Amino acid sequence: MMSTSTGPEAATRPGGDLPQIVPSDVCLRCEVCCRFPEQESFLRPYFTAEERAMAVASGVPEDRLPDATGGRIRLIPHPLGDGFICPCFDPVTQHCMIYAVRPFDCRLYPLSLMRDEGGRELIMGLDLKCPYVQDKRNATHLTDYARGVAGLMETSSMRDLLAQHPDLVGPHQDDVAPASRLGPLLSRMT
């Protein structure tokens with residue numbers, strides 16, 4: 001069961017037509033996404049200027065996205081538990097309040113863009129904390145999906161996106177399994 005991003009602007013944004021691979025019933029039971037142990041987590045969602053404008057138009061307070069040119073969202077204390085949450089996440093319903101205009105960084109999940117251990121290569125990996133990724137029955141589906149997204153990453157629009165927003169690529173994470181090596185980092189960012 002895959003749904004795609006919705007809204008007329010979705011297909012015009014880089015990666016806007018990226019399908020949601022994790023079924024909704026798995027997402028709604030999950031305790032991983034949108035929750036963070038520390039307020040300044042490097043894993044918090046990154047919004048481009050265009051994505052920020054759409055999020056603000058959808059009701060996200062501007063002070064939660066302080067950099068108008070693009071940047072990471074400011075997390076809020078989790079009202080029902082420990083740690084912090086994305087202010088777009090409703091912990092009662094488990095829904096994203098801006099799902100239709102969520103940023104590329106969120107649409108990509110459970111894939112993540114990161115540097116290799118040496119910081120020289122761009123890697124796309126699968127978050128091993130995601131329950132859908134943990135279920136071995138989904139391995140073939142995830143491999144095929146990652147292969148398709150790797151092809152998307154080769155497009156000029158995605159190269160441009162990464163060049164304009166290099167912070168979309170995070171540091172190496174031990175709990176993200178490499179799914180595809182996308183090549184030297186600097187060549188991706190130019």
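The values are calculated or read from the model by the stated rules, or taken from the named source; none is laboratory data. Please read all numbers here as calculations on a predicted model, not as lab measurements. When we count neighbours, we look across all protein chains shown, and the Cβ atoms used for this are built from the backbone with ideal geometry, even at glycine. Protein only, heavy atoms only, side chains kept; ligands, DNA and RNA dropped before computing areas. Shrake-Rupley method; radii C 1.70, N 1.55, O 1.52, S 1.80 Å.
With all protein chains present, calculate the accessible area of V56 using a 1.4 Å probe and round the result to the nearest 10 Å².
40 Å²
Could you compute Rg(Cα) / (2.2 N^0.38 Å) for region 46-92, with N its residue count?
Dividing the Cα Rg of region 46-92 by 2.2 N^0.38 Å gives 1.16.
If I take every Cα pair under 8 Å that is 6 or more residues apart in the chain, average their sequence separation and divide by the length, what percent do I get for the relative contact order?
22 percent
At most 16 other Cβ atoms within 10 Å and a DSSP loop assignment: could you name the GluC sites (Glu not before Pro) in region 109-169 that fit?
Of the GluC sites (Glu not before Pro), the ones in loops of region 109-169 whose Cβ has at most 16 other Cβ atoms within 10 Å are E117, E154.
How many angstrom lie between the Cα centre of region 107-124 and the Cα centre of region 47-82?
Using only Cα atoms to place each centre, the spacing works out to 22 Å.
Which shape class, rounded, prolate or oblate, goes with region 120-190 when its Cα gyration tensor gives a ≥ b ≥ c as root eigenvalues, a/c under 1.5 marks rounded, and past that a/b bigger than b/c marks prolate?
prolate
Which shape class applies to the chain: rounded if a/c is under 1.5, otherwise prolate when a/b exceeds b/c and oblate if not, where a ≥ b ≥ c are the square roots of the Cα gyration tensor eigenvalues?
Since a/c stays below 1.5, the shape of the chain is classed as rounded.
When the solvent-accessible surface of protein heavy atoms is calculated with a 1.4 angstrom probe, in what order do T143, T69, T48, T155 fall, highest first?
From most accessible down to least: T69, T143, T155, T48.
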